[in-house]
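Any read-out appearing in this document is the output of simple, stated calculations on the displayed coordinates, not a laboratory observation. In this text, all values refer to a predicted model and were calculated from it rather than measured experimentally. Please note: Cβ atoms are built from the backbone with ideal geometry, for glycine as well, and neighbour counts cover all protein chains shown.
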Amino acid sequence: MPNRLLLAAARKPGLKKLITGTPITKAVARRFVAGETLEEAVQAARNLNTGGLGAILDYLGENCSTGEQADAGQDAYIASLETIVSGHLDSHVSVKLTQLGLDQSFDGCLARMEKIVARAAEARTTVAIDMESHQYTDATIEMYRKLLGTHSNVVLCLQAYLKRTARDIEGLLPLAPKIRLCKGAYDEPNEISFDRHETSRNYIELLEMLLLGSEYTAVATHDDLLVRAAVKTARRLSLPLERIEFQMLFGVRRELQIGLAERGYAVRVYVPFGDQWYPYLMRRLAERPANMRFFAEALIRG
Ligand code: FDA
C-alpha cells in the first residue's frame, strides 16, 4: 500500500499550491514525467522505441469538472494518436475515465472513449484504461465491457490490492479480456484492500488466472519478486512470449526494463506528459520512501 499520510496531505490545496509553485519541484517531476508537451512525450517514446521498448502515452489529468475539459482531454488523445501514426511510433495510449468526464456523465464519457478507441483502431494501436480509486471500479469495468462490444483494442487495468479483483477477473474471463495487472496506487480503506504482503500474494494468484485464461496480460510492476513469478509461471504453462508484456513507469527501474527486453520479452513504458502532473508525482513519491528523500534533498539543495 502506498504511504497514506502523504496521499492524504497531497489532497490539501495549500500543499498543492506550495509544491507546484516551486520551480525545483518541476525538475523533480521530470524524473517521472516526460515533459509538459506532446512533442516531449513523443521524443521520450522515440528514445524508448530506439532502445527496443514500446511506449504508452498518458496525457496527465483526472477528475475534470466540465464537459469542455473532458472534450479537451479527448482532443489531446486524438492528437496523440495522430502523432503516433505520423511518427511511426510503437505506442499505445492510456486514459483516465475521470479525465474524460466520468464524474459528469457515464454516457458522455463513453461517447468520448468510443471516438478515441475508433481512432486507435484505425491507427492499429491500443487504448488502455487506467484504474482509479475504488469509487470508480464498477463504472470503469462497465465502460470496458461496453467498449469490448465493438472493439478489441482496449486494455483494462485492474489492481491486485483490491479484495474484489479475483471476482472481477472471473466475471471478465469469458470475454477474452486484455488486462494490465498492477498493485494499485490509491489510498484505499482496509476493509476492501490488502496490505503490502497480501497484495503481492494476491498479485501472483491473479496473474496465474490471467495467464491461464486470457490471450494477453500486461504485468505492470517493478517488483523483482513479481517479475520473476511472471516469468516462472509463463514458463511452467509453456506460454508463447506474446502472451505477456511487462509494463513499467517512465523513470523507474530502467535497468530492469532493458534487461527484460534483452531477454526477448516485450516491455512497454508508461510515458506521462502534460502540465497536470501533481497527483501523478505525489503517487510516485508515496509508493517509495526513498523518493521522498530524493525530493526533500532537491528542495534543500534548491
Ligand atoms: P513496489 O512499489 O513494491 O516497487 C518495487 C520496486 O520498484 C521498488 O523497490 C523500487 O525499486 C521500484 N519502484 C517502484 N515504484 C517506484 C517509484 N515510484 N520510484 C522509484 N522506484 C520505484 N496504479 C493504479 O492504481 N492504477 C493504474 O491504472 C496504474 N497503472 C499503471 C501502469 C503501469 C505501466 C505501471 C507500471 C504501474 C501502474 N500503476 C497503476 C501503479 C501501480 O499500482 C504501483 O503503484 C506502482 O507500479 C508501484 O508498485 P510496484 O508493483 O512497482 O511495486
### Message
I'd like the residue in the stretch 213-233 that is closer than 21 Å to Val154 by Cβ and out of contact with any helix residue (DSSP H, G or I) (no Cβ under 9 Å at 6 or more places or on another chain) and, out of all such residues, is nearest to the ligand (Cβ to nearest atom).
### Response
Ala220
### Query
If you check every pair at least six apart or on different chains, which have Cβ atoms under 7 Å apart with a residue in the stretch 192-204 that is more than 16 Å from Asp224 (Cα to Cα) first and a residue that is among the aromatic types (Phe, Trp, Tyr) second?
Ser193/Tyr161; Phe194/Tyr161
### Number of positions in the stretch 197-245 that are part of a helix (DSSP H, G or I) and within 24 Å of Ile258 (Cα to Cα)
21
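Filtering the stretch 1-43 down to residues that are basic (Lys, Arg), in contact (Cβ under 8 Å) with a residue 60 or more places away in the chain and surrounded by 14 or more Cβ atoms within 10 Å (Cβ to Cβ), which residue is farthest from Gly54 (Cα to Cα)?
Among those residues, the one meeting the criterion is Lys16.
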## Note on the structure
Residue hits (the stretch 271-284; surrounded by fewer than 21 Cβ atoms within 10 Å (Cβ to Cβ) and either away from the ligand (no atom under 11 Å from the Cβ) or assigned to a strand (DSSP E or B) (or both)) are Asp275, Gln276, Tyr278, Pro279
### Task
Scan the stretch 66-84 and report the pairs whose first residue is at negative phi and surrounded by 13 or more Cβ atoms within 10 Å (Cβ to Cβ) and whose second residue is in a helix (DSSP H, G or I) and of a type in the set (Val, Ile, Thr), with Cβ atoms within less than 8 Å and a gap of 6+ or a chain change.
Gln74/Ile116; Tyr77/Ile116; Ile78/Ile116; Leu81/Ile116; Thr83/Val42
### Task
Filter the stretch 50-65 down to the residues that are more than 18 Å from Thr125 (Cβ to Cβ) and within 13 Å of the ligand (Cβ to nearest atom), then identify the one that is surrounded by the fewest Cβ atoms within 10 Å (Cβ to Cβ).
Glu62
### Query
Considering only residues of the stretch 234-256 that are within 23 Å of Val154 (Cα to Cα) and within 17 Å of the chain's Cα centre (by Cα), which is farthest from the ligand (Cβ to nearest atom)?
Ile244
